[in-house]
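J.: Okay, handing you the structure first.
The values are calculated or read from the model by the stated rules, or taken from the named source; none is laboratory data. Note that the coordinates shown come from a computational prediction; the quantities given were computed from them, not determined experimentally. In this analysis, Cβ positions are derived from the backbone assuming ideal geometry, glycine residues included, and neighbour counts consider all displayed protein chains.
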Amino acid sequence: MKTESNIEKILASGQLVVTSECGPPRGAVPEKVKEKAEMLRGYVDGINVTDNQTAMVRMSSLAACIIIKQMGLDPILQMVTRDRNRLAMQSDIIGAYAHGINTMLCLSGDHPHFGDHPMAANVYDLDSIQFIQMVKKMRDEGKFQGGEDIDTPPKMFIGAAANPFADPFELRVARLAKKIKAGVDFIQTQCVYNLDKFETWMKGVCDRGLHEKVAILPGITPMKTAGMARYMKNKVPGMDVPDELVKRMAGVPKEKQAEEGIKISIEAIERLKEVEGVRGFHIMAIEWEQKVPEIVEKAGLLPRPQF
């Protein structure tokens, strides 16, 4: 399998990959997309564009990806199965590839009752595993899911998400194995704060040899305040924030907490670099994109490879 994906080339060269994220605006404001993406230029190898994240209406991921592609950067198309059936998904994938977008992330998506349209109908025509299988079939066999041939198959480098911390913890590695079997090439994980637990999960991944079949990029999200740390610990499902981290954030003056949050992220990257199977990092500085360059630089992840 050969795609033209920048991420695939970097992984093939044996170097660490760095990706980040850009949430599209809640309006027809291309300038907002350009402004966020520009902050990341030269610091990351791919920019995820979220797809109506938290089930809130935003500019479409595909449209924002096209804007980023036109800037000469490498967008990663996120697509959720919540809002589209398999016809719409396949047509969007071909459309994206027609614009030179060759890397994507296959997700199921947050339930609408979390968002601003709780009355919206769920689609979920496919689950995330079937979604991965469909994209792989389009790429490798040149066939639509219904079996017909595709004129020019979309050569997508396929990503998916994993949460090493969700319950039941002992099934997390098996869940990853299913996604690998379905055909995923790289994994971006939930934000990693509990490094011990993440390392336990990675040991399970390596024991089964799964790290040789997929590139794993732990998620890194800098905390701005002790309040954010407490909120993520107590209110965000599937998030594991250790008490000592909340205490550490609360133990510095308010005006220094953002700085401390950045420091914690850099320390996490330094430690996770040494973990077998870690092939890079997904830095999700939510609405704080301007801090990504500092994190990348201080964590010793520069210069980024050029192909």
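J.: Go through the residues of the range 112-129 one by one and say whether even a single one is within 15 Å of Asn85 (Cα to Cα), in contact (Cβ under 8 Å) with a residue 12 or more places away in the chain and in contact with a Leu (Cβ under 7 Å, 6 or more places away or on another chain).
T.: Yes, the range 112-129 contains a residue that is within 15 Å of Asn85 (Cα to Cα), in contact (Cβ under 8 Å) with a residue 12 or more places away in the chain and in contact with a Leu (Cβ under 7 Å, 6 or more places away or on another chain).
J.: Identify, by number, the condition in (1) of a type in the set (D, E, K, R); (2) farther than 17 Å from Ile286 by Cα; (3) free of Cβ contacts under 8 Å to residues at least 12 places away in the same chain that Arg248 doesn't meet.
T.: Status for Arg248: all satisfied but (3).
J.: Tally the residues that are of a type in the set (Ser, Thr, Tyr) and at positive phi, restricting the search to the range 26-76. Break it down stepwise before answering.
T.: Quick first cut of the range 26-76, residues of a type in the set (Ser, Thr, Tyr) only: 43, 50, 54, 60-61.
Now narrow it down to the ones that are at positive phi: 54.
Final tally of qualifying residues: 1.
J.: If a residue must be within 14 Å of Cys191 (Cβ to Cβ) and either in contact with a Phe, Trp or Tyr (Cβ under 6 Å, 6 or more places away or on another chain) or surrounded by 19 or more Cβ atoms within 10 Å (Cβ to Cβ) (or both), how many such residues does the range 273-286 contain?
T.: Matching residues across the range 273-286 total 5.
J.: Given Phe165, Phe169, which one is in contact (Cβ under 8 Å) with a residue 60 or more places away in the chain and either within 17 Å of the chain's Cα centre (by Cα) or surrounded by fewer than 17 Cβ atoms within 10 Å (Cβ to Cβ) (or both)? Outline the logic, then answer.
T.: Numbers: Phe169 fails: in contact (Cβ under 8 Å) with a residue 60 or more places away in the chain.
On inspection, the qualifying residue turns out to be Phe165.
J.: Mind counting the residues in the range 111-154 that are touching a strand residue (DSSP E or B) at 6+ places or on another chain (Cβ under 8 Å), surrounded by 14 or more Cβ atoms within 10 Å (Cβ to Cβ), among the charged types (D, E, K, R) and outside any helix (DSSP H, G or I)?
T.: Within the range 111-154, residues that are touching a strand residue (DSSP E or B) at 6+ places or on another chain (Cβ under 8 Å), surrounded by 14 or more Cβ atoms within 10 Å (Cβ to Cβ), among the charged types (D, E, K, R) and outside any helix (DSSP H, G or I) number 1.
J.: Can you confirm whether the range 275-282 contains a residue that is closer than 20 Å to Glu21 by Cα, out of contact with any strand residue (DSSP E or B) (no Cβ under 7 Å at 6 or more places or on another chain) and not in a helix (DSSP H, G or I)?
T.: Looking only at the range 275-282, we keep the residues that are closer than 20 Å to Glu21 by Cα, and these are 278-282.
Imposing the further condition that a residue be out of contact with any strand residue (DSSP E or B) (no Cβ under 7 Å at 6 or more places or on another chain) reduces the set to none.
No, every residue in the range 275-282 fails to be closer than 20 Å to Glu21 by Cα, out of contact with any strand residue (DSSP E or B) (no Cβ under 7 Å at 6 or more places or on another chain) and not in a helix (DSSP H, G or I).
J.: May I pose another question? Give the range 155-175 a look and list any residue that's at pLDDT 95 or above and part of a helix (DSSP H, G or I), or say none.
T.: Leu171, Arg172, Val173, Ala174, Arg175 - these are the residues of the range 155-175 that are at pLDDT 95 or above and part of a helix (DSSP H, G or I).
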